[in-house]
Amino acid sequence: MAVGMSRPRGTHAAVVRACEDPGTAGEPADGRDPAPIDATVEPDDLPDGLVIADETGRVICFNSAATRITAVPRAAALGRPLEHALPLEDLKGRRWWALTDPYGGLATRVGQPERNLLLPGGREVLVSARYVREHPTGPVRRLVISLRGTEARRRTERSHAELIAIVAHELRSPLTSVKGFTATLLAKWERFTDDQKRLMLETVDADAGRVTRLIAELLDISRIDSGRLELRRQPVDLSAAVERHIQALTANGQAPDRFLVRTCQPLPAVWADPDKVDQVLGNLLENAVRHGEGTVTIEVAPAPAKSDEKGTAVTVSDEGPGIPEESMGRVFTRFWRGSKRGGTGLGLYIVKGIVEAHGGTITVGRGPGGGAEFRFILPVSTPAYLV
């Protein structure tokens, strides 16, 4: 890579030469070796900060991203010694260039991995360096430094901290209840009637169930974020799955006439993970019951899926106040909660991850009755050996 360092933008450029391997795609039909492809890249077009120092340690390239990240003007950096143009310190206050000594250190070193460093005033930057030598143990001819801002990392750290705080809060209540009831029963078992003991144990069981569900949610988030969500596909009857969930809700006290199910037959045979599908349906129906009002309508119908593959669409809508238009884009993000507080705000994030892991899609909108309407589509996903 050759870079004209001291010229203004529009004249200095990094030239990247890429040669296709003979015999690969792009080889001319007459059998000749393909010509090298030259591509000119302006340093200012790079998304990350680029700083290059020559063999004397003076800055010869300082792109616009470096100026934005460090707040150091280009004119104040070009031509100056690197330790003055970019006076970095580590988190212990040690001068970084004196500590690493790129020009006078070990001749076998090739660079520095990315790490968090500080500029004067406490501005944080992520810095990595590459030592360019003419031969493996020769002197450093170019010092190429990459700079990135810490905003994305800070957002991730805040998200993790928020997750920890929410989990701690959600765990505290049921664990306090479990500890209190079990300690009371152990200390005063003979003083309680059988009915009182049963009530306490039922409460402990319910709270233990809350903890179990929360841990399951955390495991699901970890698998979704890392792309390791495992699916055990088998034929799933979505209409029957909906009926099972409604029966469970009515058994728990919901009025049977609150639910209206519409099924459009025939439905294609969907191959999916039945436990994960139950998780999606349970979350959507529970949200409709808890946060919505009026009749909860569930429609199961054939629908086209991605790549023109047939699938099944399930729509869950209610007649409540619905979701504000400005919140529609955040419904499937972590920690989003509706107008009524409660829960971790992770359920719909997990629902979206499960649906997309199946190759499906999920959307949210306003239903015919004015409430929220969630619609997800699962493709047929028939195994290749059955096609």
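The values are calculated or read from the model by the stated rules, or taken from the named source; none is laboratory data. Just so you know, these numbers come straight off a predicted model, no measurement behind them. Ideal geometry is used to build each Cβ from the backbone, glycine not excepted, and the neighbour counts take in all protein chains shown. Side chains included, ligands, DNA and RNA excluded: accessible areas come from the protein's heavy atoms. Shrake-Rupley method; radii C 1.70, N 1.55, O 1.52, S 1.80 Å.
Excluding ligands, DNA and RNA, the accessible surface per residue across the chain is 57 Å² with a 1.4 Å probe.
Quick check for me: using +1 on Lys/Arg Cβ and -1 on Asp/Glu Cβ, what's the dipole size of region 182-244 about its Cα centre, in debye to the nearest 20? Mind showing how you got there, number by number?
On the way: 11 positive and 12 negative charges, 32 e Å.
Its charge dipole is roughly 160 debye.
Rounded to the nearest whole Hz, the Karplus-based 3J(HN,Hα) values (6.51 cos²θ - 1.76 cosθ + 1.60, θ = phi - 60°) of region 363-372 follow the sequence 9, 10, x, 9, x, x, x, x, x, 6, with x at glycine and proline. In the chain, helical runs assigned H by DSSP with n ≥ 4 each contribute -39500 (n - 2.57); averaged across all residues and rounded to the nearest 500, the mean residue ellipticity at 222 nm is -11500 deg cm²/dmol.
With all projection directions averaged, the alpha carbon convex hull of region 176-297 covers 11.0 nm². In whole percent, how big is the carbon plus sulfur part of the accessible area of the chain, probe 1.4 Å, protein atoms only? Result for the chain: 53 percent of the exposed heavy-atom area is carbon or sulfur.
Taking a ≥ b ≥ c as the square roots of the eigenvalues of the Cα gyration tensor of region 233-293, is the shape rounded (a/c under 1.5), prolate (a/b larger than b/c) or oblate? It is prolate, given that a/c is not under 1.5 and a/b is the larger ratio. Judged by the ratio a/c of the largest to the smallest principal axis of the C-alpha gyration tensor, the chain counts as prolate, that ratio being 1.5 or greater while a/b is larger than b/c.
Sequence gap at least 6, Cα distance under 8 Å: using those rules, report the relative contact order of the chain to the nearest whole percent. Numbers along the way, then the final one.
Working: 620 pairs, mean separation 36.0, N = 387.
After rounding, I find 9 percent.
If I take R0 = 41 Å and measure r between the Cβ atoms of residue 160 and residue 234 in this structure, what FRET efficiency does the formula 1/(1 + (r/R0)^6) give, to the nearest 0.05? Present the calculation step by step, with values, prior to reporting the outcome.
Details: r = 35 Å, r/R0 = 0.86.
So, using R0 = 41 Å, E works out to roughly 0.70.
Computed from Cα atoms, the angle from the helix 347-357 axis to the main principal axis of the chain rounds to 70 degrees.
With the simple spin-label model, which puts each label point 7 Å out from Cα in the Cβ direction, the residue 99 to residue 130 separation comes to 2.4 nm. How far, in degrees from 0 to 90, does helix 194-226 lean away from the longest principal axis of the Cα atoms of the chain, to the nearest 10? Tilt relative to the chain: about 30 degrees.
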